[in-house]
Amino acid sequence: MYKEKILNVLRSSCSGFVSGEELARTCGISRTMVWKHIKSLEREGFGIEAVPSRGYRITSAPDILRPEDVRRGLRTKIIGREIHLFHKIASTNTLAMEMAANGTPEGAVVIAEMQTGGKGRLGRTWISPQGNLYLSVVLRPNIPIHKAPLITLTGAVAVASAIRTMCGLEAGIKWPNDILISGKKVSGLLTEMSAEQDRIRHIVLGIGVDVNMEMGELPPDVRSLTTTLAAEAGAKINRTALLQQVLRDLERWYQKFLNNHADVLEEWKKLNMTVGNRITVSGAGEDLDGLAQGVDSDGRLIVRLEDGAIRTIAAGDVTIVKK
Ligand code: BTN
């Protein structure tokens, strides 16, 4: 707690420097204790300069996510009411599902700096090196089970909107849940659910965003289809600020979804890059070629085949055929 206070005072100092004496007085602790907390901040990766007659000054901050920083100024009511941040775990989705089964409240968020067993859709692996965002949110919506896929669409709207706000990039959505920039994937969402026959116990919405990682971290076949926000923006992105915006936008769109599903579908359609295009679909039982005609009220993709027949798809991999 004192360490956080010292950090806040140093961060908000106009000249940058704050004397040890002033830090000690502000926190109500001894100068020796101030020094100990400064050393602890240095161990976390902060660069701190100490100049005899002026005091301490922050010279660099580590690119790490800190729960206190995420909470500060978040201003959400539900999403992020609990934040569990880990350095390295297998999968935030797996842990969030376990926590949800043990009663963790709606809005709890599990975040990791790295995942060793990150999960993607259709049983794939989500490669999860340092520098990106990996988070899973526990939700307990009171909706019919067949409406659950709309939660993924809600998440996709929130992530695309947060990227647009924070990075000024034209993020769009490829059905059902890929966020693309310049035709390349920058984010994916994986929804997992626990349900009884007619009732959802909980849903975990998992979000991975490729933010600052080096592209060399990815295998060559994935690399050509993927981009990062830093590569698109031409500068490193502040992950804490982006994470906060994702949580804020998720709260906003989740509330809208609970009030009226149609609002989310309308926004999803505005951001979507699939409908209106010729597409191929795999992983949906049979492989299909056709025109993506729309999404229905449950978020399923409506495809018109060459012979005019209509297919409605709940899950699958879409490739947009270049014109
Ligand atoms: C996809 O295949 O596009 C979905 C990828 C979802 C990845 C995220 S990263 C955080 C969360 N934890 C996981 O294991 N997967 C999701």
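The values are calculated or read from the model by the stated rules, or taken from the named source; none is laboratory data. These numbers come from a predicted model, not from an experiment. Counting neighbours? That spans all protein chains shown, and the Cβs are built from the backbone with ideal geometry, glycine included. In case anyone asks, the SASA skips ligands and DNA or RNA and just uses the protein heavy atoms, side chains included. Shrake-Rupley method; radii C 1.70, N 1.55, O 1.52, S 1.80 Å.
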Output the 0 to 90 degree angle, nearest 10, between the alpha-carbon long axis of helix 239-259 and the longest principal axis computed from the alpha carbons of the chain. 50 degrees
Please work out whether region 278-322 counts as rounded, prolate or oblate from its C-alpha gyration tensor, where a ≥ b ≥ c are the square roots of the eigenvalues and a/c under 1.5 means rounded, while otherwise a/b larger than b/c means prolate and anything else oblate? rounded
Asserting the computed 222 nm helical MRE of the chain (DSSP H runs at least 4 long, -39500 (n - 2.57) per run, divided by residue count, to nearest 500) equals -10000 deg cm²/dmol
Sorted largest first, the C-alpha extents of region 2-60 along its principal axes in whole angstrom are 26, 23, 20
Can you pick out the pairs among K147/K269; K3/K236; K184/K322; K77/K185 whose Cα atoms lie more than 24 Å from each other? K3/K236; K77/K185
Could you work out what % of the accessible surface of the chain is carbon and sulfur, using a 1.4 angstrom probe and leaving DNA, RNA and ligands out of the count? 50 percent
Using the Kirkwood formula on alpha carbons, the hydrodynamic radius of the chain in angstrom works out to 21.4 Å
Any chance you could give the angle, 0 to 90 degrees and rounded to 10, that helix 261-271 forms with the longest Cα principal axis of the chain? 90 degrees
Longest principal axis of the chain (C-alpha) makes with the long axis of helix 92-101 (C-alpha) an angle, in degrees to the nearest 10, of 90 degrees
Once both labels are modelled 7 Å past Cα along the beta-carbon direction, what's the I78-R31 spacing in nm? 5.2 nm
GNM result for the chain, Cα springs below 10 Å: residue of R201, R311, R11 fluctuating most strongly: R11
With 5 Å bins from 0: P(r) over region 43-109, alpha-carbon pairs, percent: 3, 13, 18, 16, 15, 11, 8, 7, 4, 3, 1, 0
Give the accessible surface of the chain per residue, rounded to a whole number of Å², with probe radius 1.4 Å and ligands, DNA and RNA excluded. 47 Å²
Using a Gaussian network for the chain with springs between C-alpha atoms less than 10 Å apart, which of these wobbles most: M166, M33, M114? M33
